[in-house]
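Reviewing the structure listed below.
The values are calculated or read from the model by the stated rules, or taken from the named source; none is laboratory data. Just so it is clear, the model here is predicted, and its values are computed rather than measured. Note that each Cβ is placed from the backbone with ideal geometry, even for glycine, and that neighbours are counted across all protein chains shown. Please note that ligands, DNA and RNA were not included when accessible areas were found on the heavy atoms of the full protein model with its side chains. Shrake-Rupley method; radii C 1.70, N 1.55, O 1.52, S 1.80 Å.
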Amino acid sequence: MKISVKAALLSGLVFPGSGQIYLKRYGRGFLYMVLVLAGLGSIVGMATVTALDMLESIQRQGGQVDIAAISNRAIESSAGASSLYFTLSLLVIVICWIVSTIDAYRTGKGMERRL
């Protein structure tokens, strides 16, 4: 298998930046990894805060946790400002994933030409 294809598959199917690490382009690889991990961390953080807020609010109102009530509140809160933040985080992740895959392939092709 060619170096360029292997690097692109690593970045596209394993994790963004892993193809660059394979090609010994550590700076680029870690940059893509950090950006994607930051986006994932922000999404998990938002989801955790929203879930804890909903749980606290439900417990304050009656002390009973009802799955239907949690679902209704989750639907209501998804239209708020956190939805924009979620969308932007997801957009950063997807763009980094695509750019990382293309960059790994192009870098690998350049290395193949030199060999």
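Here are a few things to note about the model shown:
- Residue in segment 70-81 that is modelled with the lowest pLDDT, counting only those that are open to solvent by 50 Å² or more (accessible area, probe 1.4 Å) and not aliphatic (A, V, I, L, M): 78
- Residue count for segment 87-114 satisfying the condition of being surrounded by 15 or more Cβ atoms within 10 Å (Cβ to Cβ) and of a type in the set (Asp, Glu): 1.
- Cβ-Cβ under 7 Å pairs, at least 6 apart or on other chains, segment 31-53 side touching a residue at least 60 places away in the same chain (Cβ under 8 Å), far side of a type in the set (S, T, N, Q): 32/20; 32/100
- Condition met for residue 13 (more than 12 Å from the chain's Cα centre (by Cα), surrounded by 12 or more Cβ atoms within 10 Å (Cβ to Cβ) and modelled with pLDDT of 95 or more): no
- Looking only at segment 8-30, and only at residues there that are without any contact (Cβ under 8 Å) to a residue 60 or more places away in the chain and hydrophobic (A, V, I, L, M, F, W, C), the one that is farthest from residue 91 (Cα to Cα): 21
- Of all residue pairs spaced 6 or more apart or on separate chains, those with beta-carbon atoms under 7 Å, a first member in segment 99-111 that is within 9 Å of residue 12 (Cβ to Cβ) and a second member that is open to solvent by 40 Å² or more (accessible area, probe 1.4 Å) and part of a helix (DSSP H, G or I) are 104/10.
- Complete set of residues in segment 31-63 that are of a type in the set (Gly, Ala, Ser) and closer than 16 Å to residue 93 by Cβ: 38, 39, 41, 42, 45, 47
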